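Each remark here refers to the structure printed beneath this line.
Nothing in this text is a laboratory measurement; each read-out follows from the coordinates by a stated rule. A quick note: this is a predicted structure, and the numbers were derived from the prediction, not measured. As a convention, Cβ positions derive from the backbone with ideal geometry for all residues, glycine included, and neighbour counts pool all protein chains shown.
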Amino acid sequence: MDGLSESEAQEAQRALVDQAQRRAELRQACEAAVVQWQWAPENAGLQRPQPLYHQRYGLPLPKLLDEAPSTPRTEQQYGLDANGEIVVAREYVGADEFREELRVRRGDTVVGYRWIETAEAAGVNIARFRDGRMQSYVEIWPQMLTVTDMPHGSLIERYAWDGDRLTVIDVQTVIVFGAMPATPDVTQIRPSYDHAGRLIELREHSARGEKVLYRARDSAPSIAALHRPVEDRLVELLPALVGEHVNEPIYCLALHYQPEWPLPPNVAAGIERDRREWMQSIRDPETLWLTVWNPAEFSSYSGESLGGRPLTDVDAELAAALAEIPENSEESREHGRATLNRVARRLQKLDWQPIAPVTADFVVFAVDLELTHLEENLRYSVPAALRKRLAAQRLLG
């Protein structure tokens, strides 16, 4: 971390110390400055000052509500001062429960103080401006006492401008999860514009390569078209991976995915000896099939793909294809699951006998972490006759 970054981080740490003593005072001053209250839907994020925040994180551009909700539950409330700046932001998480940010301007610097609904300090952020354009943004999240599974750490961003056009965002993050060591990261985000100055793309560059964070809908191939090379590459890659790492009979191949980031999946193989044990020891039919199709139960699976490496590390062509898909868009997430179902369906049709030791009722399917779409996904990739055969063995509901 260079001298300027260290100075900014130290200032944020000092503000964090002050925060614990000053909530009542800050709230009184900020509320007194409010001349208008506005309401917005959940995840509006209007108080987030970073340039291109919504595009970077795949959030829809916020819209205000016409009137205040009778009982706020997930909505967001904003208090604006006489200059139209947000000085109070409340994110409701239930009736009369909200997370709060109080924002204080000091010349060209705006400091935001945040608390979660338990009134514990959740962090501070400092935004610096020059000539109306943000030059840097620093945020620090302390280690929570009441919420033990929340990460803590710091974020520092710097912005380069060409007139009114943002050209570069330099990002430094240090994120700590529990007792795990800190994981520093340095990335750079570069916007692209069309001849009229409209944002058409955001690309993130790091030591891991580059990836698209955002792309305007009408400026590039469709999301479906971008998923096609990913689908083809997975269909080619996965049989080779199974052939290399599977040495005993397996009854299934599961493409295990997170709903928020379906691609790439982790690949898990269900071992036949495990299935035989479950069929002998588990009497409840629903418990049995929820166990048999849950990768978290597989003895050979630890949450990593076969071979213990992410698929993007195994195959550069797959990594390059995935980098072209804006991972933060809702449309990309929906297509990701559909892509995995198509991959599973195509792999199901292969002759697996020359590839690996598989059972006669071997199946390939996609499944999310919570098994939310398990039955639907199985219906998509597994032929009806085979599903009927599995159901006769109490292996499907």
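Charges only on Cβ, +1 for Lys and Arg, -1 for Asp and Glu: so what's the dipole of the chain about the Cα centre, in debye to the nearest 20?
With only Lys, Arg, Asp and Glu charged at Cβ, the dipole is about 640 debye.
Under a plain spin-label model, where a point goes 7 Å from the Cα along Cα-to-Cβ, how far apart in nm are ARG73 and SER299?
Label-label distance for ARG73 and SER299, simple model: 4.6 nm.
Can you tally the net charge around THR173? Count Lys and Arg as +1, Asp and Glu as -1, for every other residue whose Cβ sits under 10 Å from the Cβ of THR173.
Here the count lands on -3.
Please report the net charge: other residues with Cβ closer than 15 Å to the Cβ of GLU117, K and R +1, D and E -1.
Once all neighbours under 15 Å are counted, the net charge is -2.
Over the Cα atoms of the range 276-331, how large are the radius of gyration and the largest Cα-Cα distance (Dmax), in Å?
Gyration radius and largest Cα-Cα distance of the range 276-331: 17.2, 47 Å.
So if I take the centroid of the Cα atoms in the range 304-318 and the same for the range 140-196, what is the distance between those two points in Å?
26 Å
Using the beta-carbon distance between ARG273 and ALA384 and R0 = 41 Å, what value does 1/(1 + (r/R0)^6) give for FRET efficiency, to the nearest 0.05?
0.90
According to a simple spin-label model (label point 7 Å from Cα along Cα-to-Cβ), what is the distance in nm between VAL176 and ASP284?
Calculated label separation equals 4.1 nm.
Could you bin all the Cα-Cα distances of the range 223-392 into 10 Å bins starting at 0 and give me the percent of pairs in each, rounded to whole numbers?
Distribution as computed: 10, 41, 36, 11, 1 percent.
If you average the sequence gap of Cα pairs under 8 Å that are 6 or more apart and divide by the length of the range 223-392, what percent do you get for the contact order?
33 percent
Quick one: what are the phi-derived ³J(HN,Hα) couplings along the range 105-119, Karplus 6.51/-1.76/1.60 with θ = phi - 60°, whole Hz, x for glycine and proline?
The phi angles translate into 8, 10, x, 8, 10, 10, 10, x, 10, 10, 9, 8, 5, 7, 6 Hz.
Principal axis lengths of the range 3-215 from Cα atoms, whole Å, largest first?
Projected onto the principal axes, the Cα atoms of the range 3-215 cover 44, 44, 32 Å.
Expressed in nm to one decimal, what extension gain is obtained for the pair ARG22 and ASN83 from 0.36 nm per residue of sequence separation less their Cα-Cα distance?
Answer, rounded to one decimal: 19.6 nm.
Could you work out the relative contact order of the range 3-215? I mean the mean sequence separation of Cα pairs under 8 Å and 6+ apart, divided by the number of residues, in percent.
Relative contact order, the range 3-215: 13 percent.
Which aspartates and glutamates, if any, have their Cα less than 15 Å from the Cα of LYS388, not counting same-chain residues under 8 positions apart?
Answer for LYS388, where 15 Å is the Cα cut-off: ASP361, GLU375, GLU376, listed by chain and number.
Work out, step by step, the length gained on full extension between ARG228 and ARG165: first 0.36 nm times the residue separation, then minus their alpha carbon distance; give nm to one decimal.
Extending this stretch completely gives an extra 19.3 nm.
Pop the C-beta distance of ASP66 and ARG346 into the FRET formula with R0 = 41 Å and round what comes out to the nearest 0.05.
After rounding to 0.05, the efficiency reads 0.30.
I need the P(r) histogram for the range 182-233: all alpha carbon pairs, bin width 10 Å from 0 out to the longest distance, whole percents.
Distribution as computed: 20, 40, 31, 9, 0 percent.
By its C-alpha gyration tensor, with a ≥ b ≥ c as the square roots of the eigenvalues, how is the range 136-271 shaped: rounded for a/c under 1.5, else prolate for a/b larger than b/c, else oblate?
Verdict is oblate for the range 136-271.
Work out how much length TYR57 to GLU244 would gain on full extension: take 0.36 nm times their residue separation and subtract the Cα-Cα distance, in nm to one decimal.
Result for the pair: 63.6 nm of gain on full extension.
Explain nothing, just the number: relative contact order of the range 230-287, from Cα pairs under 8 Å at least 6 residues apart, as a whole percent.
Across the range 230-287, relative contact order equals 27 percent.
Using a cut-off of 10 Å between beta-carbons, work out the net charge of the residues near GLN77 (Lys and Arg +1, Asp and Glu -1, GLN77 not included).
-2
Any chance you could tell me what percent of the C-alpha pair distances in the range 339-397 go past 13 Å?
62 percent
Given H placed on each backbone N at 1.01 Å, which residues far from GLN50 in sequence or on other chains put an amide H within less than 5 Å of it?
Correct list: empty.
Report D for the chain in µm² per second (integer): Stokes-Einstein, Kirkwood Rh on Cα pairs, 25 °C, 0.890 mPa s.
101 µm²/s
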